[in-house]
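For reference, the structure is listed below as structure tokens.
The values are calculated or read from the model by the stated rules, or taken from the named source; none is laboratory data. Here the structure is a predicted model, which means the values were calculated and not measured. A quick note on method: Cβ atoms are made from the backbone with ideal geometry, for glycine too, and the neighbour counts reach across all protein chains shown.
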Amino acid sequence: MKRLTTALLATAVTAGALALALPATANAATQATTAATAVTAVTAGTSGYDYDDYWGPYLSANHRAKATGWIGVEWDRHQRSNEVHVRGKLYDLDHRTYRQGGKCGYVKFQVNRFGDDGWSGSNAYKYCGAGGAKQFHFAEEDVRSIRVKVCQIDLRGSYPTRCGGWEYLYTTESE
């Protein structure tokens, strides 16, 4: 009888502790979500840009190169001209040696400007260093659209291979 009473008392204490802990856990999760949303809203609202967003990750076709980043667009006061800033990191995920066929990470951007019918090559970055990353930043003016493609390239090569598809980072129609 003493064991039964002790077991029932232990079960009641455990259930009570669990009942008290669950609301505290749920409340902490809600507070963490609210805080994360507030930080995102403050960051987006105070960037000083008319449009800004994070992009990526985008990968090469064989997933051995990756790029991620941020884009910010600032319009002039008449909304006729803009300046686009792109920041990012290029990752070399190919751990093979160059003898084994290892390649470097490569990312290239194309820009379509106001008044242009086609795309022009803008900036390209190469990084050789398996497991590491290279930061980049550039700015362009009068941009209608900008897109990115992640590839691999030989250490001393000039022709990218194993490219992923073109990914749009920004179009004026998206605003």
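Restricting attention to the stretch 71-91, which residues are closer than 22 Å to Cys128 by Cα and not basic (Lys, Arg)? Full working, then the answer.
Step one: filter the stretch 71-91 for residues closer than 22 Å to Cys128 by Cα, giving 86-91.
Correct list: Val86, Gly88, Leu90, Tyr91.
Taken as a whole, the condition of being charged (D, E, K, R), at pLDDT 90 or above and either over 18 Å from the mean Cα position of the chain (by Cα) or within 25 Å of Thr172 (Cα to Cα) (or both) applies to Asp76. Please indicate, with yes or no, whether at least one residue in the stretch 55-69 is buried (at least 20 other Cβ atoms within 10 Å of the Cβ), part of a strand (DSSP E or B) and of a type in the set (S, T, N, Q). So far as the stretch 55-69 goes, no, none of its residues is buried (at least 20 other Cβ atoms within 10 Å of the Cβ), part of a strand (DSSP E or B) and of a type in the set (S, T, N, Q).
Only one of the listed residues (Tyr91, Tyr49) is farther than 28 Å from Gln152 by Cα and either at pLDDT below 95 or in contact with a strand residue (DSSP E or B) (Cβ under 8 Å, 6 or more places away or on another chain) (or both). That residue is Tyr49.
Filtering the stretch 118-136 to residues that are of a type in the set (Ser, Thr, Tyr) and farther than 16 Å from Cys151 by Cα leaves only Ser120. Looking across the stretch 123-153, just one residue is under 15 Å from Thr171 (Cβ atoms) and among the hydroxyl-bearing types (Ser, Thr, Tyr), and that is Ser145.
Those strands (runs of 3 or more DSSP E) of the stretch 83-175 in which 2 or more residues are surrounded by fewer than 17 Cβ atoms within 10 Å (Cβ to Cβ) and in contact (Cβ under 8 Å) with a residue 40 or more places away in the chain occupy 133-141.
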